[in-house]
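Have a look at the structure below, then the notes.
The values are calculated or read from the model by the stated rules, or taken from the named source; none is laboratory data. Model, not experiment: these values are computed from the prediction. Cβ placement follows ideal geometry from the backbone for every residue including glycine, while neighbour counts extend to all protein chains displayed. Just so you know, the surface numbers come from the protein's heavy atoms only, side chains and all, with ligands and any DNA or RNA stripped out. Shrake-Rupley method; radii C 1.70, N 1.55, O 1.52, S 1.80 Å.
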Amino acid sequence: MRYLIGAEGKQRFLKEPAGTPIVVDVLRASSTIVAALWAGAKEIIPIEDANEALALGKKMNAVLVGERNGVKLDGFEYNNSPSEMLAADLKGRTIVMTTSNGVKVMVDGGIVGSTLNAGAVAEHVMSIDRTYLLASNPLRSIEDLNAASIIEVMALMLGSGWFTYEAERYVQDNAQCQELLDGIRDSPAGERIARLGHEDDVEMVCTAINRFPIVPVYRNGSIAIEKWPSPGC
């Protein structure tokens, strides 16, 4: 397992693509993607350039999701917000999305990971080599490293024979895991997003562990669900 950071880390991965890539931008792109797909979106097309995203979204009659520095972009319908996705009518819709950081670390075959689907991602990758592509720099903001650590804890537990619900309970009860989640909440990004009026997004990613147990994968320019929860789970 290894951790790579930002656009530079993405380039390192592309030069040496070892391990299944797990893309993490817990505040908020990966969390928004998980919430939107759980809410019924058909696919999400991430675009780095805002103007290109706006033009493509209008051409496709897609739902437009976009922000810079946490603020919704003019001409876009929604902010980069998991709470907004859950409240929107997205069934069967395509979303075109542009964000400050998360879309910059997408690689083909990359699994989109968040605390919101940590158990599903952990189950999917527990027995294979993996590389975490973190959108933010842990030297400045540790939220993505902490979210990746939650996924990793659950992957190691599941690989040792624990059930997913047991791993979820462990994360919720364990003091060290709670410190990781508090680190997301108290990170510079967490505090900034809360100040912008999106404290509900921060609280969601810090409390709703594996609430949306799906595995979204980025392939051929779009993100869609590759694995749904097993029946009865």
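Under the rule a/c < 1.5 gives rounded, and otherwise a/b versus b/c splits prolate from oblate, where does the chain land using the Cα gyration tensor? Since a/c stays below 1.5, the shape of the chain is classed as rounded.
What you get for region 59-163, charging only the Cβ of Lys and Arg (+1) and of Asp and Glu (-1), is a dipole of about 220 debye around the Cα centre. Summary value for region 31-80: 23 percent relative contact order, contacts being C-alpha pairs under 8 angstrom separated by 6+ residues. Could you tell me the distance between the Cα centroids of region 148-215 and region 88-130, to the nearest Å? Region 148-215 and region 88-130 have Cα centres spaced 15 Å from each other. Heavy-atom surface analysis with a 1.4 Å probe gives the chain a carbon and sulfur content of 49 percent of its accessible area. When the chain is described by a simple charge dipole with +1 on each Lys and Arg Cβ and -1 on each Asp and Glu Cβ, the residue from ALA120, THR207, TYR78 located farthest towards its positive end is TYR78. With an 8 Å Cα cut-off and a minimum separation of 6 or more residues, compute the relative contact order for the chain in percent. Rounded, it is 29 percent for the chain. Residues considered: LYS15, LYS91, LYS58. Largest GNM mean-square fluctuation over the chain, using C-alpha springs under 10 Å, is found at LYS15. Computed with every protein chain present, the accessible area of GLU199 is close to 110 Å² [probe 1.4 Å]. Antiparallel DSSP bridges in the chain: what percent, to the nearest 5? Antiparallel bridges make up about 30 percent of those DSSP assigns within the chain. Relative contact order of region 114-233, taken over Cα pairs closer than 8 Å and 6 or more residues apart, is 34 percent. Charged side chains reduced to their Cβ positions (Lys and Arg at +1, Asp and Glu at -1) give region 128-170 a dipole of some 60 debye around its Cα centre.
Taken per residue, the accessible surface of the chain reaches 44 Å², heavy atoms only and a 1.4 Å probe. Within the set of other residues whose C-beta is less than 15 Å from the C-beta of TRP162, count the net charge using Lys and Arg as +1 and Asp and Glu as -1. Net of charged neighbours comes to -4. Ranking MET204, MET154 by solvent-accessible area of protein heavy atoms (1.4 Å probe, all protein chains present), from largest to smallest, gives MET204, MET154.
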